[in-house]
1. What is the Cα radius of gyration of region 114-155 over 2.2 N^0.38 Å, N being its residue count?
2. Take the Cα gyration tensor of the chain, multiply each eigenvalue by 5, square-root it, and list the three semi-axes largest first, rounded to whole angstrom.
3. Starting from 0.36 nm per residue, how many nanometres of slack lie between GLU49 and ALA14 once their C-alpha separation is accounted for?
4. Tell me, THR46, THR17 in order of fewest to most beta-carbon neighbours within 10 Å?
5. What does the helix-only formula give at 222 nm for the chain: each DSSP H stretch with n ≥ 4 adding -39500 (n - 2.57), the total divided by the residues, and the result rounded to the nearest 500 deg cm²/dmol?
6. What ranking, highest mean first, results for peptides 116-122, 69-75, 134-140 when packing means the other Cβ atoms within 10 Å averaged over each residue?
7. What is the set of long-range amide H partners of MET32 at a cut-off below 5 Å, with H atoms built 1.01 Å from backbone N?
Amino acid sequence: MSLRRRAGAALTPAFRTWFRLTRPMTLGVRAMIEDGQGRVLLIRHTYVEGWHFPGGGVERGQTALEALAHEVRDEAGLALEGAPDLVGLFRNPRFEGDHIAFYRIARWRTCGEPDPREIAEWGWFDTGRLPDGAVGSVRARLGEAAGAVPASTDW
């Protein structure tokens, strides 16, 4: 495990505690970005384990769509073209008071590279062949999108 990942793992609980004290309710955004060939974009952060959908927190003064555009640009090097589809709003049971707005993006264009300080790895994956380490929320949302599992209200 790299020093950055160990430091991130050590500091994450402190940041989460600070967020809980200063922000009793938080909102995040995540995106299922499709490439038109049956693949979705997944990322692996430098500071947390697993493969995730791109996304992050909505900051004070930002709309969810502004946060989504910002996170997709920073984490995936993509710019939205047109309005994304809101799939749903999910409760994050791991962090009380946290909710995630989940979007589906089919129209985008390349506008750079993912930020290497934050993104260790990224790639397009067939929804039937996800990488080892794909987190449960990725598997659940893809299963729901395919109609293979019932929709949940929890992330």
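Rule-based calculations on the coordinates, nothing more; no lab input. None of these values were measured; they are calculated from a predicted model. All Cβ positions, glycine included, derive from the backbone under ideal geometry; neighbour counts span all protein chains shown.
1. 1.38
2. With the √(5λ) rule applied to the chain, the semi-axes are 23, 19, 17 Å.
3. Taking GLU49 through ALA14 to full extension adds about 10.9 nm, to one decimal.
4. THR17, THR46
5. Mean residue ellipticity at 222 nm (helix-derived): -9000 deg cm²/dmol.
6. Highest-to-lowest ranking by the protection proxy: 69-75, 134-140, 116-122.
7. For MET32, whose amide H was placed from the backbone, the distant partners under 5 Å are TYR103, ARG104, ILE105.
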